[in-house]
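First the structure, in the form of structure tokens, and then the observations on it.
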Amino acid sequence: MNETNKTNKMSTQALPQEKRAPHSNGFAMLALVLAGLAASTCCLILGIIRLANASFALGGALLTLGIVGLVFFLIMLAGFKVLAPNQAYVFTLFGKYFGTLKESGFFFVNPFVSANAPGVTDSASAAPAQQKNALGMETSIELGKSKKISLKTRTLNNNKQKVNDALGNPIIIGSVVIWRVADPTAAVFSVENFEEYLSIQCDSTIRNIARLYPYDSMENDEDEKTLRGSSSEISEIMQRELAERVKNAGLVIEDVRITTLAYAEEIAAAMLQRQQATAIIAARQKIVEGAVGMVKMAIDQLGEEEVVVLDEERKAAMVSNLLVVLCGSKDAQPVVNSGSLY
């Protein structure tokens with residue numbers, strides 16, 4: 001355990017601190033580069049003319065200067081970068097961290113720096129990957145095209161997974177995560193691919209939290225936290241744990257919400273019967289409570305207004321008949337007694 005902590009501490013210390021990449025105004029540098037290319041081209045043409053006129057010394061110097069200038073300013077063209085709002089570049093120079101650029105606009109940086117992004121290949125001639133669109137047709141997407149890191153708020157729709165709750169019942173649970181990249185430098189250098197890292201950590205977090213709570217309370221205990229009855233509180237717990245897990249990758253978890261929650265197919269029918277039985281019992285309890293109140297009110301009013309005087313035996317019969325009528329699941333069929341009451 002101590003060795004693991006030491007290893008994590010060493011890897012954390014090895015991460016470079018984020019700093020602003022040195023850059024210049026792109027439009028000013030573009031004007032300078034275009035002017036240099038024009039001047040180099042003129043020198044190249046003049047050198048060729050001088051060589052044709054047998055002025056070898058001056059012609060050779062102008063030709064060499066033109067070639068060197070063209071190569072130099074063509075290399076400088078690689079230093080121009082364009083960033084839209086909520087995008088970032090993480091640069092390295094010959095294997096060392098050079099800086100991070102977050103501002104939107106047109107910039108010029110060292111042309112020898114390379115941008116780093118997870119899951120993006122360095123080869124410009126990477127083979128296109130095949131992907132199926134909504135119509136089922138295969139479309140090719142070019143890899144290695146962009147190395148910008150998006151800082152926008154994004155959503156991760158976690159796949160449904162089967163988990164055993166605290167009571168051992170298999171349930172199906174899924175969630176959606178609202179997240180964004182807060183530290184692009186840590187996101188690039190601390191993990192291999194921060195999107196895959198977030199997805200795996202999200203699966204692990206949901207499994208761990210779902211195992212701590214039952215799907216529903218079997219004893220109707222209002223104080224007990226359940227996945228179905230306390231979904232907001234459970235989501236907050238998931239958010240805190242997931243945020244702690246991905247903090248080292250420079251990610252911020254803004255919200256976690258449970259989108260799918262159901263019993264697994266093998267016990268869904270049995271649990272549905274239990275829920276139906278619980279609902280029926282609760283409904284019958286309400287009906288009996290209301291019927292007892294109505295019978296008591298009827299007997300009290302008959303006695304107070306002296307509509308009819310009933311002995312205890314007749315009151316018991318009346319109570320029994322009223323309860324049968326009020327608590328029955330079917331309409332009562334009244335029988336008219338045309339004879340004497342006694």
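Checking the cross-link pairs Lys102/Lys160; Lys96/Lys148; Lys81/Lys152 against a 27 Å limit on the alpha carbon distance flags Lys102/Lys160 as lying beyond it. Placing dummy labels 7 Å off each Cα toward the beta-carbon, the span from Ala262 to Leu51 is 7.8 nm. Extension gain for Leu212 to Ala316 (0.36 nm times residue separation, less C-alpha to C-alpha distance): 32.2 nm.
In this calculation the C-beta distance from Leu93 to Leu30 is compared with R0 = 22 Å, giving a FRET efficiency of 0.55.
Bear in mind that the values in this text are calculations on the coordinates, not laboratory data. No experiment lies behind these values; they were computed from the predicted model shown. Because the Cβ atoms are built from the backbone with ideal geometry, glycine has one as well, and the counts that use them run over all protein chains shown.
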